[in-house]
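Peer 1: This structure is in structure tokens; I'll ask about it shortly.
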Amino acid sequence: MDAPGQRLKLVPLRGPALAELRFDPGADVVLGRSATSDVQLADPAVSRRHARLVSQAGAWFITDLASRAGVLLNAQLLAPDTPTPLSDLDLVAIGPWTFRVHVGVASAAMRTIAMGPDRLDPGERVESVPERELRSIARRRLDLLIECAASINAATSERALARAVVDAAREGTGFPRAALFRVAGDGVAVLASGGEAEVRADSFSRTLITMASSGQIARLSHDVPMTHGESIARLGIQAAVCAPLMIGTAVDAFLYLDDRRRRADMPGGEARPDTRTEVRADAAAFCQALCRIGGLALANLRRAALERLNADIMRDVGAAAEAQRLLMPQPDGVCRGVAYSVRMRPGRFVAGDLFNLLPLSGSRVGVYLGDVAGKGVGAAILMATTQALLNAALRECEGPADALGRVGGELAHLLPGGRFISLWVGILDPATGRIRFVDAGHGHWLVRSGPAGEPERLPVRGGLPLGIDPERPYEDEQLTLPPGSRLILHSDGVHEQRSRDGEEFGVDRIVQILRACGSSREEAEGLFRAVREFAPGDALDDDVTIASIELPGGRGL
């Protein structure tokens with residue numbers, strides 16, 4: 001059963017007006033331009049089905065669904081159809097929107113302090129620093145900046161990088177106090193700070209941060225001697241700078257500096273202006289250069305971390321996919337005179353579809369095809385478990401109904417809430433053409449009676465998928481087919497596959513393609529190829545499994 005998860009919140013920072021998006025643990029939602037998406041992002045730059053958000057095993061993952069413009073995570077383009085974990089305070093870009101990710105509560109490892117409102121005293125002003133001034137950094141200061149850049153780029157973690165930026169800012173600007181932080185709700189999450197005065201809840205000017213949020217460097221200065229009112233002037237601050245640290249076009253963090261000092265000769269260590277503080281004239285330009293270096297270094301750190309994480313995930317997923325291939329029969333084969341051909345491809349990297357064809361006692365042959373509700377590794381594990389249980393049950397039970405009853409009872413305590421498994425299970429007698437079967441909520445199969453028969457769907461009673469009601473018994477149904485007849489089974493990923501325009505592949509198209517096929521291999525291969533060509537890209541919306549089983553007396557493979 002999946003571990004308890006945390007709520008996910010996406011707060012839009014850039015783009016057209018949009019309310020923040022909230023998702024509960026266990027959600028599996030598609031974001032896209034289409035009205036059929038779970039969350040509609042109506043903009044031409046967004047694909048019809050652009051991205052998927054999934055909560056699994058207590059974590060959140062985002063997947064680019066082979067969209068045209070892609071998905072950026074912390075300014076890094078995600079590989080299509082590769083689930084990537086999200087972390088608190090990540091930046092996600094989809095079309096014109098950039099979102100800040102909030103997972104559960106703020107990270108306990110980050111010190112978060114609240115920001116209250118501030119009011120400017122007469123003579124105080126907050127202004128953006130002119131571009132001409134930012135370009136005026138003196139050549140003699142480049143040596144120091146290069147040294148700072150070396151220490152920032154040598155950082156191996158975000159914490160170490162933040163510390164390097166703060167230390168460089170204090171050394172290069174003359175400001176005695178500095179902090180690097182991210183805005184988190186109504187407060188700030190401090191990554192690193194330095195200086196004589198403690199960073200407190202009232203240490204930062206909301207006005208400065210608001211201006212810097214637009215991507216500009218903001219500065220507080222005074223036209224007249226400072227008076228002490230209900231503003232940051234009461235902290236003894238005469239000058240302050242707030243510079244945005246950008247990743248791509250989004251503000252990821254803020255570098256904040258001011259000239260507040262704690263004077264030891266004041267009662268209680270009260271903060272007062274210290275006239276010995278000499279803030280350099282090019283402090284704003286130096287901060288801008290530091291933030292550009294820091295933003296590039298942070299993007300490189302995150303890119304490297306993402307590459308390592310994706311490599312680890314792909315190794316694990318590759319091992320799971322290889323284990324699944326070992327559970328599947330060969331693509332083409334013959335079992336006691338029954339020829340079969342199967343083609344399978346997961347919608348992601350591992351599949352929730354299951355198929356097998358196996359010899360049973362006497363001359364009988366067992367066959368089944370099913371689909372575990374859900375996607376990803378969780379569905380793949382259930383697929384493997386179900387396949388192992390069903391193989392054993394078919395060998396020991398008289399009919400498919402008895403086998404499903406046994407398997408359903410054993411799976412009842414393993415299936416998480418809301419999970420179920422649809423199955424078609426049959427036992428064939430090649431000598432007589434008799435087939436005993438149970439359709440447990442599957443419904444996706446056709447019969448061709450005789451070598452040249454028309455593909456058709458047969459009316460059946462059917463039963464519930466496994467996991468819905470383990471107490472309800474199943475009943476065998478029966479049909480007898482002439483020699484050379486074929487049974488075509490497929491998963492719902494075939495007829496539900498959508499084109500780039502949102503059209504479903506559909507059952508009529510399946511029948512039309514099968515009419516032109518004269519063998520099991522042609523049916524499985526031809527239908528599989530048609531679905532892949534119908535899909536808008538190389539990725540499929542869901543797992544696709546197609547199996548054609550031919551009784552003796554036909555053309556065979």
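The values are calculated or read from the model by the stated rules, or taken from the named source; none is laboratory data. The model shown is predicted, which means the values in this text are computed figures rather than measured ones. Cβ sites come from the backbone with ideal geometry, for glycine too, and all protein chains shown count toward neighbours. In case anyone asks, the SASA skips ligands and DNA or RNA and just uses the protein heavy atoms, side chains included. Shrake-Rupley method; radii C 1.70, N 1.55, O 1.52, S 1.80 Å.
Peer 1: With every protein chain present, what accessible area does ILE146 have (1.4 Å probe, heavy atoms only), rounded to the nearest 10 Å²?
Peer 2: Roughly 110 Å² of ILE146 is accessible to a 1.4 Å probe.
Peer 1: Moving on to the next point. If you take every residue apart from VAL103 with its C-beta less than 12 Å away from the C-beta of VAL103, what net charge results, scoring Lys and Arg +1 and Asp and Glu -1? Mind showing how you got there, number by number?
Peer 2: Working: positive: ARG7, LYS9, ARG22, ARG100; negative: ASP88, ASP90.
Net charge in that neighbourhood comes out at +2.
Peer 1: While we're looking at this one, here's another question. Given the protein chains as shown and a 1.4 Å probe, how many square angstrom of GLU131 are accessible, to the nearest 10?
Peer 2: Near enough 90 Å² of accessible area.
Peer 1: Binned at 10 Å from 0, what are the whole-percent values of the Cα-Cα distance distribution for segment 391-472, short to long?
Peer 2: Computed distribution, short to long bins: 17, 44, 28, 10, 1.
Peer 1: Count the net charge of all other residues whose Cβ sits under 13 Å from the Cβ of GLN40, scoring Lys and Arg as +1 and Asp and Glu as -1. Walk me through the numbers before you get to the answer.
Peer 2: On the way: positive: ARG33, ARG48, ARG49; negative: ASP38, ASP43.
Within the 13 Å Cβ shell, the charges total +1.
Peer 1: Sticking with this one: Determine ³J(HN,Hα), in whole Hz, for all residues of segment 205-216 in sequence, where each value follows from phi through the Karplus function 6.51 cos²θ - 1.76 cosθ + 1.60 and θ = phi - 60°; x replaces Gly and Pro.
Peer 2: Each residue's phi maps through the Karplus curve to give 8, 4, 4, 4, 5, 4, 5, 5, 4, 7, x, 9 Hz.
Peer 1: Is the C-alpha gyration tensor of segment 1-51 telling us rounded, prolate or oblate? Criteria: a/c under 1.5 is rounded; beyond that, a/b larger than b/c is prolate, otherwise oblate. Could the numbers behind the result be given before it?
Peer 2: On the way: a/c = 3.19, a/b = 1.57, b/c = 2.03.
Taking the square roots of the gyration eigenvalues as a ≥ b ≥ c, segment 1-51 is oblate.
Peer 1: Taking only protein heavy atoms into account and a 1.4 Å probe, give the accessible area per residue of segment 411-489 in Å².
Peer 2: Values: 3570 Å² over 79 residues.
For segment 411-489, the per-residue accessible area is 45 Å².
Peer 1: In addition: When ligands, DNA and RNA are left out and all protein chains stay put, how many square angstrom of accessible area per residue does segment 517-556 have with a 1.4 Å probe? Walk me through the intermediate numbers first.
Peer 2: Working: 1390 Å² over 40 residues.
Heavy-atom SASA per residue in segment 517-556 reads 35 Å².
Peer 1: Given charges of +1 on the Cβ of Lys and Arg and -1 on the Cβ of Asp and Glu, with all other atoms neutral, how large is the dipole of segment 431-557 about its Cα centre, in debye to the nearest 20? Don't jump to the answer; show the numbers that get you there.
Peer 2: On the way: 15 positive and 23 negative charges, 126 e Å.
I would put it at about 600 debye.
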